[in-house]
Each structure stands twice: as structure tokens, then as C-alpha cells.
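Working notes for the structure below.
The values are calculated or read from the model by the stated rules, or taken from the named source; none is laboratory data. Just so you know, these numbers come straight off a predicted model, no measurement behind them. Please note: Cβ atoms are built from the backbone with ideal geometry, for glycine as well, and neighbour counts cover all protein chains shown. Quick note on the areas: whole protein, heavy atoms, side chains included, nothing else; ligands and nucleic acids left out. Shrake-Rupley method; radii C 1.70, N 1.55, O 1.52, S 1.80 Å.
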Amino acid sequence: MSVLRIINVILIASIILPMFSIGLRTVRASAIYGLPEMSSDVRSFGTSMAIGSTADGSAGYARVAVDSNECVYTTWCDIWTLGLYFAYSHDNGKNWHQTQLFGGGNPVIGCSDSYVFVNQQNGYVYVVWMDNRTGNTNVYLCRSVDSGITFSPSVMVNNVDGSEFEDINRGVSYSIHATVTSDGTVYVAWEDNRTDALHPDIFLAKSTDGGQTFSTNIRVNPYQALADHKSPWVTVDKSGIVYVAYTEVNSTTQNVFLTKSLDGGLSFKAPVRVNDDYGNWYRGKKEIGISQDGKIYIVWTDARNWYTTGWDIYFAASLDGGLSFGTNVRVNDDDARGNQGFPFCKSGQGTPSLAIDLEGGIHIVWEDFRNQWFAPNWRAPEDLRDIYYAFSKDGKQFTKNVRVNYVPNATIADCSDPQIAIDSNDNLKIVWFDSPYDYNNESAYYAVSAPMLSVNTSKTVVGQGYNLPFNVTMLNAGFTNETFDVTVLGNTTMITRINVDVSNGTLATLNLSWNTTGLGLGKYIMSVFVGDVSVTTSIVVTIPGDIDGNFKVQLQDLVFLAHAYGSKAGDPNWNANADINGDGRVSLQDLTLMRSHYGQHGKTLPHARLATFNVYKLGGIWHQRMRIHRLIMDWKKEEYRFVPHRFIFLY
């Protein structure tokens, strides 16, 4: 038996000045940045792009839609000229073409509240809006069959235009939303005053010929005298069930409701309340999203925290087809307290928009006042409101909020009314309005986001004192070159911080190595920060030879090493954690390292050689044999003795 040395070692955790190697590799991303291997909850929005403006620079309520051919469409209305504008891009938002679809002129025809949507099966583009060309406000729709280059004449959607009423407020329509199914059926929902001039209801119209004609309008909500029904949102699931969400306001309460139709919009079931509190609080703009497995998600503006955080963004999910909704979740993570009674003073959020990805991930954007700052005498630079983003995998908890808007050299941030869409590769497209240089020069802005950040380690368990290779992959999904500030931490210990220049549309990979010398045994969270976004992974720093990360070098680890013995990366039996010395192979050197630490325990101090080892030739074949011993400590005699346990052969 070899001489045994009992070594008492005190492990001292210390701050490391790590030695790391850096390699940078860049590759061109695809035109639509489809990167399924990247983390879907970590996003980069890059530099915002101005995509359209109006004659006098005052506009609002930009809307966005995408198709499966890298085409992006947006529409908005000018606040002063009252014209309806449309812009399209056939190259994923790099270049835009703008036109005025309707309105304005002399005499002025006022357009407002537009919305754009796409039939993903045939690529037809639809725009709905309201205007007063007849002297009454009505809902209109037009269609493009050539990807937004030309549009058909507009068709009136509502079948009551108010001309038959003496009260000029009867029949007024506003607050529109629409959708189209894969078979070309179009549904349009809006607020309508035909029943009561002062208290609107939600009405719905249906077209089965691709938007050329519309059916008789159907009231969606149950009639309730003296109640307002507002801000509808309509969507259809894969089975053809039509869902409409809206806000009901009466003298005592405001609630968000969801109702559904099982007969294609001919009738609607009793509505189900979505918000889980009671009160006469503002419940504003809302959207519905439905995941591939049928979960129903709703997001809306909610003022239940009026005297603390102001207006917030709230979210609720239904797992039973809209029959009930779970606990509401606050999406925004700011904790600013506004002035009482005034919700938009360094707090307050509004106008949320929702998109669901192919894996059921939930993406939400909204306008946000958390950074609000007014310069003296109301002069620039000022920050009034920004666009923020959050993600959730399950709707129970949302990520740290990330600011979307970024315009170089901007002196003002006055972003409003964002809209989000998601393409077939789960890339986000967001539009909003901003006036970054002049309050009188407002434009539509656009940001595209793809999954942008991932960290990959060569192993999840590393022996104390050995290097851990890892790489950080970043995507610049914006339209300009960017310098990324990359910071990597192990718990709170700095591993490295560097700046990386990444061209637009380029994927960059940093190859790094973390030297664990001096680290205490334990579990570490490696965090990678790039700007406002971050991604984490777990690492165990343990005794060399501990392959399963339980801070013991024991028989189970030897079994793991035996299974991987002789393998290299890519082999079927490869186990990176068994490559103790990190040379890319599981070999005799790794076995020797395990032998020197066998029996050690991360919770005790004694270190000893606990195995005898020899290599011999039998039948013309070289064999390696390790004689394993169990360590037994006699606490009374304060001594160690070793008991032979078994032989293990590695071939």
C-alpha cells in the first residue's frame, strides 16, 4: 500500500483576478435573424429606425404586422391633417416605402384609429380605420393582394352609420380592432353608439369573402343601461372560436371581460371577468394572445395601484378556454411613486401590446414614464416616456424590464403607443411614435429584435484550480454597428469586462476561460450582462474528480469516468465533466487526478490519497486497475484507517 499523507487544507474563498483567454468570432446572421439556438427570453433591440413621418410631424397610434416573407407593414394617422398613412418594407425593415392611403385633403376627411393585419396563408394585407367622409364616423377596410404596394377601394364595415338618428352622437364608431383567419374570414370589432349616444357597446362584423362585404353587425356585450363598453380586442383560435375582450365601465366598477363565440360570431357567451380585484379603477387598452396549445393570455393597463405606482401593466392567463382566469400579474418592475392623483409622474405605464411565440413565450411592450425628467423651463434634453419590454415563459413571472427605444444624440424621449408583432422565426417587430429631436417633429420608429445573447460552458462541474472554458454569443439585430459592453460575473466576482464591436446583422462569439484558482467550493451563478439584458448559467466548483457535483469524490464518480474513458468531444459516451484537466479527452491523466482526490469530501478538511493504482498487461491487453478504499475515521482515537473495498477495471 502506498504511503498515505493526511493533508489539512483550509479553503479560503477569495476575490479572483482571473486569467482568461479571449477569442472573437463573427458570422453574418440570416436576413431574418432566425437563431433557434439562442435564448428566447434575452433580446436586443439595437438602434431605433425612423420609418415614416407626416407633413406636420404630428401623428400617433402606429400599428404593425408581419408576413412570412420578411415583409413588415405599419399604419398610423396624422393628428393634425387627419390623414391615414401606410408604410411597408419588403426586406425585414431595412428600407421603407410610405404612402397616404386616405383622408386629409380639402374639405378635410378625418381618419383615426387605424389597424393593419395580414392573412399568413396568402399574404393579403388589410387596413381598417374610421373616418367621417359621410359626415358620420364609420369603420372602413381596404385590402392589398400585392404585399402593400396597392390597395382596393375601401368598404364600410358597420351597417348603421348614424344618419337615421337625430342625435348626431348616435352611431358613432371608434376604437377598432380586427383579425383574419387562415381561410380568409375577417372579423372586425369596435365601440359603437348606435344603442345609446352616451354609452357605447362593442359590435362585431364578419366577412367570409376576404373583406369585400360584411355581415349584419352583432352586439358582443350583454346590454347594460348606463354602462360603457370600451377598447375591444378580437382574436380567433385554431378551432375557430372567436374571442373578444373589452372593458365595462359602470357607476361603481371598471372590469376587463372576455367573451367568446362558438358559432363564428353569430352569438356570444356570458362574459368572464379577467381582473381579480374589485374597484372603480381605470382598465385601459388591452390585447389578447393565444398560444399554440390553447392558453389564452390578456394584457391591459390597470390603475389599481393609483396611489403607489400609478397605472401599471397587468397580465392574466386562462388555461380552460376562457372559462376562468388566474391571479393577475404585474408586468412592469419599477417601484417609483408618482404624485398622488397623477399617475404619470416618474411612474405609470400604458398602452401595452402582446405577442406569443411558437413555444408559448409571452412578449409584452408598453409606454413607460419611469425615467421621466423635465428640464428647467421645459427645454430639452428631456425624458418624458420610453418604450419598455418584458418576457415570460409561463405568465407567472416576467423578466427584468428592458428599454426598447434608442436614438443616437436624441434630446427628447417622448415615445407612445407601441405595437408588437412576431414573425415565424420568433423575431419581434415593434413600432411606436417618438419625437427625439423636436416635439414638433414626430415620426414612427421601428425596432427589430431577435434572441441576442447566450452563454455556453464546456462543462457544468469544474475542479477547483482548473480553467472553465465558456463562450458568449451576441447578435446585433439592429440596423447600425454597435459596441457591446460585455460583463461576466461569477456570483459577485468579476470574471471579465470588455467592449466588443459587432456589425449590424452579425453574430459574434467570444471564447473565454475562467480560472477557478482560489475559489471556494460551491455553486456559482455565472452572469453575462450586455447592456440592459443578461443571461445566467449555473456552475459547480468542486474537488477535482467530483464529476456529479456533490462535493464528494466517490465510487459514483469513478463509474462516470469509466463510462467516458477514452472519449473525446463528440463521441457518444463523452462526458465533459469527466475531462477533469480540460484537455479535451477523458484519459489516464484524469484517472490519476481522481485517484489523488478519491474519498475527499467538500464538507471536511482532510485530504488523502485513498487508492492504489497500477497498470498491467494481461493476455496482450493493457489494463488499468484502481484499488478503492473506504475511509473510516475513528473519532475517539483521532486516526484514519483504510479498509479494502473492491477492484474496478477500466478497458
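For labels at Ser324 and Leu262 in the simple 7 Å Cα→Cβ model, what's the distance in nm?
1.9
Quick one: how many Å² of Phe151 are accessible to a 1.4 Å probe, rounded to 10?
Surface accessible to solvent at Phe151 totals approximately 50 Å².
Distance from the Cα centre of region 394-439 to that of region 243-259, in angstrom?
Result: 27 Å between the Cα centres.
Quick one: grab Rg to one decimal and Dmax as a whole number for region 101-239, Cα atoms only, in Å.
Cα-based Rg and Dmax for region 101-239 come out at 15.0, 47 Å.
Starting from the Cα of Asn481, step 7 Å along the direction of its Cβ; do the same at Asp209; then give the gap between the two resulting points in nm.
Between Asn481 and Asp209, the label points sit 5.6 nm apart.
Using 0.36 nm times the number of residues separating Lys396 and Trp80, minus their current alpha carbon distance, what extension gain do you get? Write out the running numbers ahead of the final one.
On the way: separation 316, 0.36 × 316 = 113.76 nm, distance 4.18 nm.
Gain on extension, Lys396 to Trp80, equals 109.6 nm.
Taking the Cα centre of region 134-260 as origin, sum charge times position over the Cβ atoms of Lys and Arg (+1) and Asp and Glu (-1), and report the length of that vector in debye to the nearest 20.
Values: 8 positive and 14 negative charges, 67 e Å.
Once rounded to the nearest 20, the dipole reads 320 debye.
Exceeding 30 Å between C-alpha atoms, which entries from my cross-link table qualify? They are Lys396/Lys552; Lys396/Lys523; Lys230/Lys295; Lys260/Lys400. Could you put the intermediate results ahead of the total?
Values: Lys396/Lys552 36 Å; Lys396/Lys523 26 Å; Lys230/Lys295 24 Å; Lys260/Lys400 33 Å.
Check vs 30 Å cut-off fails for Lys396/Lys552; Lys260/Lys400.
Mind putting a number on the dipole of region 432-564 about its Cα centre? Charges go on the C-beta only, +1 for Lys and Arg and -1 for Asp and Glu, and I need it in Debye to the nearest 20. Write down the numbers at each step before the final one.
Values: 4 positive and 10 negative charges, 140 e Å.
Dipole of region 432-564, to the nearest 20 debye: 680 debye.
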